[in-house]
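Reviewing the structure listed below.
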Amino acid sequence: MSPTIGVGGSAKVTSQTKQFIEMGDILSLRCDCKECGASLSLPIGFGLAKSLLSCPKCRKPWLQFEGGTYQITVDDFAKRVEELKQLLPTIGCKLYVEIAPEADS
Ligand SMILES: [Zn+2]
């Protein structure tokens with residue numbers, strides 16, 4: 001295990017540390033509204049996309065495009081993640097998702 005990097009120091013981390021999330025650690029999907037900034041966190045599971053159709057605060061449509069919706073794509077992703085998580089104890093390897101390093105701001 002790599003040590004935890006403290007917060008508040010000014011030291012710059014130059015070495016590239018790859019960051020991974022274990023598949024089983026994926027719990028929810030967070031959605032931040034591009035319009036008003038409202039944040040919504042939903043447990044991963046099939047059917048979550050219906051909660052993402054529009055922003056609960058400003059009502060901006062989130063998944064719609066002209067003539068359709070990405071609801072099926074989002075629900076499919078959530079369903080696959082859920083299925084994979086259930087398979088984890090029975091398959092022969094551990095699964096990790098690599099995430100991009102946080103950009104310097
Ligand atoms: Zn909004």
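All conditions but one from (1) in contact with an Asp or Glu (Cβ under 8 Å, 6 or more places away or on another chain); (2) in a loop (DSSP other than H, G, I, E, B); (3) free of Cβ contacts under 8 Å to residues at least 40 places away in the same chain; (4) away from the ligand (no atom under 16 Å from the Cβ) apply to Lys94; the one that does not is (3). Filtering Cys36, Cys31 for residues that are within 16 Å of the ligand (Cβ to nearest atom), modelled with pLDDT of 90 or more and over 17 Å from the mean Cα position of the chain (by Cα) leaves a single hit, Cys36.
Applying the condition of being more than 7 Å from the ligand (Cβ to nearest atom) and either over 16 Å from the mean Cα position of the chain (by Cα) or at positive phi (or both) to the stretch 46-58 and asking which residue is modelled with the lowest pLDDT yields Gly47. Scanning the stretch 57-77 for residues that are loosely packed, with under 13 Cβ neighbours inside 10 Å and either of a type in the set (Val, Ile, Thr) or within 15 Å of Cys31 (Cα to Cα) (or both) turns up Cys58, Arg59, Pro61, Ile72, Thr73. Remark: pairs (first residue in the stretch 48-66, without any contact (Cβ under 8 Å) to a residue 12 or more places away in the chain and closer than 15 Å to Lys34 by Cα; second residue among the small types (Gly, Ala, Ser) and within 14 Å of the ligand (Cβ to nearest atom); Cβ separation under 6 Å; 6+ apart in sequence or on different chains) = Pro61/Ser54.
The values are calculated or read from the model by the stated rules, or taken from the named source; none is laboratory data. None of these values were measured; they are calculated from a predicted model. Ideal geometry is used to build each Cβ from the backbone, glycine not excepted, and the neighbour counts take in all protein chains shown.
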